[in-house]
Amino acid sequence: ITTLFFIGLCLFGLSTSAIAQKFGFMNYNNLIVEMSDTKAADAKLEAYQKQLVSSFETKAKALQDKFLAAQQEAQSGGWSPIKIKEEEAKLVKEQEALAKEEQETQQKILAKREELFQPIFEKVNKAIADVGKEGGYTFIFNESSGLLLYDLETDDIMPLVKAKLGL
């Protein structure tokens, strides 16, 4: 009987500690979108991307012009078969270099995005952690990721995080 009483007491203790937990939720993506820091980072990223893409497009246009000029020269009979093969090899090398540059451009844009947005994410994560500690939350869920399956007795902490960020 004492063993059953002890087991019952333990189960009761576990159930009351589960009830005492405080859960919160918010939409992380919506918060990020609303921040002025995000709008500024987006503008900087867009300007950077336009600069890189413009340079790339200029080089692609120049290569296309070279290709058309070589094609016309070859069709007019102005080049020998050896010269045609040499020019073709040059154009293939330039095209490969341009393809490599396109990949590098995409990598540069991704790196710039990371550089611009990482401080924003860190700022938001700190604000969420602060709200979690101050509010006594056990867990805070991001409803935008689809991980929130049931939200009975949870609190929307978006207003608290916005206040912490001065929004």
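Within the group LEU116, LEU98, LEU68, LEU91, which residue is of a type in the set (A, V, I, L, M), open to solvent by 70 Å² or more (accessible area, probe 1.4 Å) and either in contact (Cβ under 8 Å) with a residue 12 or more places away in the chain or part of a helix (DSSP H, G or I) (or both)?
Matching residue, one of LEU116, LEU98, LEU68, LEU91: LEU68.
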Query raised in the report: Here are THR105, THR58: which of them is open to solvent by 50 Å² or more (accessible area, probe 1.4 Å) and either in a helix (DSSP H, G or I) or of a type in the set (A, V, I, L, M) (or both)?
Result: THR58
Report task. Would you point out the residue of the stretch 139-158, among those that are part of a helix (DSSP H, G or I) and at pLDDT below 85, that is least open to solvent (accessible area, probe 1.4 Å)? Result -> SER144
Query raised in the report: Can you find a residue in the stretch 122-138 that is part of a loop (DSSP other than H, G, I, E, B), open to solvent by 70 Å² or more (accessible area, probe 1.4 Å) and at pLDDT below 90?
Result: no
Query - Pairs, first closer than 14 Å to GLU114 by Cα and touching a residue at least 60 places away in the same chain (Cβ under 8 Å) in the stretch 41-59, second among the polar types (S, T, N, Q) and assigned to a helix (DSSP H, G or I), C-beta under 9 Å, six or more apart - result: GLN49/THR105
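The values are calculated or read from the model by the stated rules, or taken from the named source; none is laboratory data. Everything quoted here is computed from the prediction, not taken from an experiment. When we count neighbours, we look across all protein chains shown, and the Cβ atoms used for this are built from the backbone with ideal geometry, even at glycine. Quick note on the areas: whole protein, heavy atoms, side chains included, nothing else; ligands and nucleic acids left out. Shrake-Rupley method; radii C 1.70, N 1.55, O 1.52, S 1.80 Å.
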